[in-house]
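The values are calculated or read from the model by the stated rules, or taken from the named source; none is laboratory data. Note that the structure is predicted; figures quoted are calculated from it, not measured. As a convention, Cβ positions derive from the backbone with ideal geometry for all residues, glycine included, and neighbour counts pool all protein chains shown.
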Amino acid sequence: MEALVASAVGVMTAAGIFLILRRRTFPVILGLSLITYAVNVFLFATGRLALNAPAVLNKYKDVPYTDPLPQALVLTAIVISFGMTAVIVMIALSAYLSSKDDHIDMTAQDVVDAPGDDA
Amino acid sequence: MNHWIVAPIVLPAILAPFIIMVLRYHLDLQRIFSVAGVVGLLGIALTITAQASGDVIQVYELGNWPAPFGIVLVLDRMSAMMVLLTALLALPIVLYAIASGWDDRGKHFHSLFQFQLMGVCGAFLTGDAFNLFVFFEVLLIASYGLMTHGGGAIRLKAGVQYVAYNLLGSTLFLFALGTIYAVTGTLNMADLAVRVAEIPPEDTALLRVGAVLLLLVFCIKAAVLPLHFWLPSSYANAPLPVAALFAIMTKVGAYSILRVYTLVFGPELPVSEGLAGEWLVPAALLTLAVGTIGILGSQHIARMVAFCAIASMGTLLIAISLFNEAATAAALYYVFHSTLATALLFLVADLVMQRQTGAIRPVAPMPQGGLIAALFFVGAIAMAGMPPLSGFIGKLLVLDATRDASNTHAVWAVILIGSFVTIVGLARAGSLIFWKSHDAQHNTEADPENQEEIPHPPAPEPMPGLTFSAVFGLVIGLVLLTLFAGPALQYASNTAEQLFTPENYISAVLGGEQ
């Protein structure tokens, strides 16, 4: 179980980083989504993995339970990353539609026209 | 409980949706409410600063849940000071955005502006690490909208880069928080401080990873080398009044470093020994060096000011990374100065770009060129740290605080040479844009076609009087900071003293009902 979750987080992060290093916006956004999935699974694991256990304490008998806090954190993280992905898709779409080009880096023409990108 | 503490978050949080839902078709009303909101925020900030200036640390328990279980807001001197700085910065910028017509070039400027203020104030006030993440996201989401305000292909392209970089930073933040939670089982900063101190040194491997990841996240926000790449093209391509507001965002990163690495991962703990100090000092020196080289090499005024922001973050982080009281007091004074100075230069750059392309080369003189040149001169003096303005005092304090450090030679050399290169770079830009333009005009006077447009074109802003008043507001802020350097420094040293006695903070948060 631990090995499975750990390797899932590792593979998703690695694939995400690989995609983020692409030059077009679409793979970059896919990579960002993969990394946010990875971090969501990772956050689950931070409360230790407990199978088939409720996320509430039972004060009448001693049954296993899972830490509820990471689940709340994951919920927040999912909402935020989902919203952020929507935002970046919209900005990337309008950037693509206005410049007819979905390269994520600035081109030589952009640098001439604007403050540019020589950093 | 003292409800003033939550007011800086609640006021913009109510105002922003109100503006977007009720006033979306009424720009004039939006402007009135937005300015009123910022003035109200300033009043609240002054109130809480007065309340925090005693030595009592006040805690606000959201939903009245006691501390390690619920989220708390903590009002101490540093958070009060940063909220005050946010409000002081926001007022001239919102006035400028109105007067220059920037808020009319796209939709929802004022509600995004209020959301941004909410996120920044929340990040300064919160006492919970995950809540800090949430407020970071609030200010980032608002900043995405503000950054692409007004549209345009290149701005949107820079916006994609900015969003992608910050999304990655947020993910890293979550990884860091997850790691820290896995080791300590808490995310309340005061509770974290207690638990981290209890962990035996041999069990801290995972915690160290978390602490370094967290430092990386804050360094991305603070644009510390080598994580500064997002800053120049996003700030230079953002609407420049927005970039002026973003001057406070890099300070959020610096604030978080100062807060977390004095409270949770204190400099004397075995867990974090040498963690921030040993890595942060060289990084800060490099940041300053690269920033000043960027100032000298920029071909465009907006990029040049963006590099000014990086250089001033370098100076600030040199002072922060020493982690002692004197240097932190200097840093707290300098943070006030550098925010106002960076914002001033961004607004001046916008004044130039309203009239010209903004490229640093001689072109035809601009309307009100003399006044703008004078403002640029004041901003440049403040930024470079020359007397008589507060930058000089700030840099002097930083130099003085580093006098006994182990690497004084390197720090002094980088700061002093950096200041010199900054002066050269700003002087070069100023003389090319404002003075050489007159030569360029004489050269083209033989050309009859250009002649008719040049003499006295009107100011391009709808309300030029208010525009210049807003910029002068920032100048007055710098002058006041210079004149009242004594009281300001006194406040800063008291704040530093409070930061380096984290026991008070911890007992205030965990000690139950205040």
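Any residue that is assigned to a helix (DSSP H, G or I), under 30 Å from B:ALA373 (Cα atoms) and out of contact with any Pro (no Cβ under 7 Å at 6 or more places or on another chain) - is there at least one of those in segment B:488-498? Among the residues of segment B:488-498, at least one is assigned to a helix (DSSP H, G or I), under 30 Å from B:ALA373 (Cα atoms) and out of contact with any Pro (no Cβ under 7 Å at 6 or more places or on another chain), which makes the answer yes. Among the residues of segment B:46-61, the ones that are among the hydrophobic types (A, V, I, L, M, F, W, C) and buried (at least 19 other Cβ atoms within 10 Å of the Cβ) come to 4 in all.
So is B:ALA158 under 23 Å from the mean Cα position of the chain (by Cα) and more than 10 Å from chain A (Cβ to nearest Cβ) or not?
no
Here is a yes/no grid of residues against (1) part of a helix (DSSP H, G or I); (2) among the aliphatic types (A, V, I, L, M):
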position	(1), (2)
B:MET383	yes, yes
B:PRO388	no, no
B:PHE392	yes, no
B:LYS395	yes, no
B:SER406	no, no
B:VAL411	yes, yes
B:LEU416	yes, yes
B:SER419	yes, no
B:LEU426	yes, yes
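Looking across segment B:288-345 at every residue that is among the hydroxyl-bearing types (Ser, Thr, Tyr) and within 17 Å of B:MET386 (Cα to Cα), the one that is nearest to the other protein chains (Cβ to nearest Cβ) is identified as B:THR292.
With the structure loaded, tell me whether B:GLY70 is in a helix (DSSP H, G or I), of a type in the set (Gly, Ala, Ser), modelled with pLDDT under 95 and more than 24 Å from the chain's Cα centre (by Cα) or whether it fails that test.
On the way: in a helix (DSSP H, G or I): no; of a type in the set (Gly, Ala, Ser): yes; modelled with pLDDT under 95: yes; more than 24 Å from the chain's Cα centre (by Cα): yes.
Answer is no for this residue.
The listed residues are B:SER312, B:SER338, and the only one of them that is in contact with a Leu (Cβ under 8 Å, 6 or more places away or on another chain), in contact (Cβ under 8 Å) with a residue 12 or more places away in the chain, crowded, with 24+ Cβ neighbours inside 10 Å and not hydrophobic (A, V, I, L, M, F, W, C) turns out to be B:SER338. B:HIS108 - would you say it is surrounded by fewer than 22 Cβ atoms within 10 Å (Cβ to Cβ) and more than 10 Å from chain A (Cβ to nearest Cβ)? The answer is yes for B:HIS108. Put simply, of B:ARG31, B:ARG77 the only residue that is within 29 Å of B:ASP191 (Cβ to Cβ) and among the charged types (D, E, K, R) is B:ARG77. Surrounded by fewer than 22 Cβ atoms within 10 Å (Cβ to Cβ), more than 20 Å from the chain's Cα centre (by Cα), more than 7 Å from chain A (Cβ to nearest Cβ) and not hydrophobic (A, V, I, L, M, F, W, C), is that true of B:GLY169? Against the criterion (surrounded by fewer than 22 Cβ atoms within 10 Å (Cβ to Cβ), more than 20 Å from the chain's Cα centre (by Cα), more than 7 Å from chain A (Cβ to nearest Cβ) and not hydrophobic (A, V, I, L, M, F, W, C)), B:GLY169 does not qualify. Only one of the listed residues (B:ALA190, B:ALA158, B:ALA97) is surrounded by 22 or more Cβ atoms within 10 Å (Cβ to Cβ), assigned to a helix (DSSP H, G or I), touching an Asp or Glu at 6+ places or on another chain (Cβ under 6 Å) and of a type outside the set (D, E, K, R). That residue is B:ALA97. When residues of segment B:371-396 are filtered for being surrounded by fewer than 19 Cβ atoms within 10 Å (Cβ to Cβ) and over 23 Å from B:ARG355 (Cα atoms), how many remain? Of the residues in segment B:371-396, 4 are surrounded by fewer than 19 Cβ atoms within 10 Å (Cβ to Cβ) and over 23 Å from B:ARG355 (Cα atoms).
Among the listed residues B:LEU216, B:LEU227, B:LEU177, which satisfies the condition of being modelled with pLDDT of 90 or more and either more than 25 Å from A:LEU69 (Cβ to Cβ) or surrounded by fewer than 24 Cβ atoms within 10 Å (Cβ to Cβ) (or both)?
Numbers: B:LEU227 fails: modelled with pLDDT of 90 or more; B:LEU177 fails: either more than 25 Å from A:LEU69 (Cβ to Cβ) or surrounded by fewer than 24 Cβ atoms within 10 Å (Cβ to Cβ) (or both).
None of the others qualify; the one that does is B:LEU216.
Number of residues in segment B:180-235 that are under 17 Å from B:LEU286 (Cβ atoms) and among the aromatic types (Phe, Trp, Tyr): the value is 3.
Can you confirm whether segment A:102-111 contains a residue that is assigned to a helix (DSSP H, G or I), in contact with a Ser or Thr (Cβ under 9 Å, 6 or more places away or on another chain), facing another protein chain (nearest Cβ under 7 Å) and not hydrophobic (A, V, I, L, M, F, W, C)? Yes, the conditions are met somewhere in segment A:102-111.
Whether a residue is facing chain B (nearest Cβ under 10 Å) and modelled with pLDDT under 90 was assessed, and A:THR13 does not pass this test.
In segment A:33-58, the residues that are over 22 Å from A:PHE18 (Cα atoms) reach residues that are assigned to a helix (DSSP H, G or I) and among the charged types (D, E, K, R) with C-beta atoms within less than 9 angstrom, at least six apart or across chains, in these pairs: A:ALA45/A:GLU2; A:LEU49/A:GLU2.
The rows are residues; the columns are (1) in contact (Cβ under 8 Å) with a residue 60 or more places away in the chain; (2) surrounded by 15 or more Cβ atoms within 10 Å (Cβ to Cβ); (3) facing chain B (nearest Cβ under 7 Å).
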| site | (1), (2), (3) |
| --- | --- |
| A:ASP62 | no, no, no |
| A:ASP67 | no, yes, no |
| A:GLN71 | no, no, no |
| A:LEU75 | no, no, no |
| A:VAL79 | no, no, no |
| A:THR85 | no, yes, no |
| A:SER94 | no, yes, yes |
| A:LEU97 | no, no, no |
| A:LYS100 | no, no, no |
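Being assigned to a helix (DSSP H, G or I) and either within 18 Å of B:LEU269 (Cβ to Cβ) or within 10 Å of chain A (Cβ to nearest Cβ) (or both) holds for only one residue in B:LEU214, B:LEU146, B:LEU139, and it is B:LEU214.
If the condition is being part of a helix (DSSP H, G or I) and surrounded by 24 or more Cβ atoms within 10 Å (Cβ to Cβ), then segment B:263-279 contributes only B:ALA276.
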